[in-house]
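Student: Sharing a structure with you now.
The values are calculated or read from the model by the stated rules, or taken from the named source; none is laboratory data. A quick note: this is a predicted structure, and the numbers were derived from the prediction, not measured. Counting neighbours? That spans all protein chains shown, and the Cβs are built from the backbone with ideal geometry, glycine included. Protein only, heavy atoms only, side chains kept; ligands, DNA and RNA dropped before computing areas. Shrake-Rupley method; radii C 1.70, N 1.55, O 1.52, S 1.80 Å.
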Amino acid sequence: MSHTIQIQPLTPEAFLDFGEVIACQGNDFFHINDAHTERYHALVKTEAEGDARTGISIFRNIKATSLPCEISMLERHPLGSQAFIPMQGQKFLVVVAPSLNANQPDLSQLKAFITDGSQGVNYRAGTWHHPLLTLEAPSDFAVIDRIGGGHNCDVFQFQNPIQIQARGLLYLDRCNLSILFCLNNMDMIGQEIF
């Protein structure tokens, strides 16, 4: 049976059950460094259980994803959170699901989001998610996650692939890689909606 998920814009409210959106917009700040800097303090609390620490890595995604796309698995990290912050202002897809039980995600509640290029995400420990899906490549991300021993990656393979698609037809302007949509058969080509 075919299953399709529509992509929606990423908002803190829509993502709340899975983790936090990392962004300046909508968050409080205070000035530091003689008022030259706005500090958006403690937007995320990282998690690292067991004999581990939190580290920062760079993930370079070398394969761009075209929409629509199909996914056939999700993963989770039960011992620590995992944050992705785009280093080049690029938009990326975020696919998540709540747990159905102790061993599998609830695929009937699968959600897909697109970031706006200024947002990162933090998956809480144990959150089912798809590995990084970027619309352009190469694409670099600062990743803050648990570094340590022990089993910290569960993978769940689907019986049937699930299609991820935009609400309309997706076009990529190769000059600036902005995302453009034509919604509901209306002539909206050229208007950015995310």
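Student: GLU136 versus (1) in contact with a Leu (Cβ under 8 Å, 6 or more places away or on another chain); (2) of a type in the set (Asp, Glu); (3) farther than 29 Å from GLN25 by Cα: which is the lone unmet condition?
Tutor: Checking GLU136 against (1) in contact with a Leu (Cβ under 8 Å, 6 or more places away or on another chain); (2) of a type in the set (Asp, Glu); (3) farther than 29 Å from GLN25 by Cα, the one that fails is (3).
Student: Please give the number of the condition LYS91 fails out of (1) more than 16 Å from LEU133 (Cβ to Cβ); (2) buried (at least 17 other Cβ atoms within 10 Å of the Cβ); (3) of a type outside the set (S, T, N, Q).
Tutor: Here LYS91 clears every test but (1).
Residue by residue, here is whether (1) open to solvent by 70 Å² or more (accessible area, probe 1.4 Å); (2) under 14 Å from the mean Cα position of the chain (by Cα) holds:
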residue: THR11; (1), (2): no, yes
residue: ASP28; (1), (2): yes, no
residue: SER66; (1), (2): yes, no
residue: LEU74; (1), (2): no, yes
residue: PHE84; (1), (2): no, yes
residue: MET87; (1), (2): yes, yes
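Student: Kindly indicate which of ILE5, ILE62, ILE32 is closer than 27 Å to ASN103 by Cβ and either touching a Pro at 6+ places or on another chain (Cβ under 8 Å) or among the β-branched types (Val, Ile, Thr) (or both).
Tutor: Sole residue among the options that is closer than 27 Å to ASN103 by Cβ and either touching a Pro at 6+ places or on another chain (Cβ under 8 Å) or among the β-branched types (Val, Ile, Thr) (or both): ILE5.
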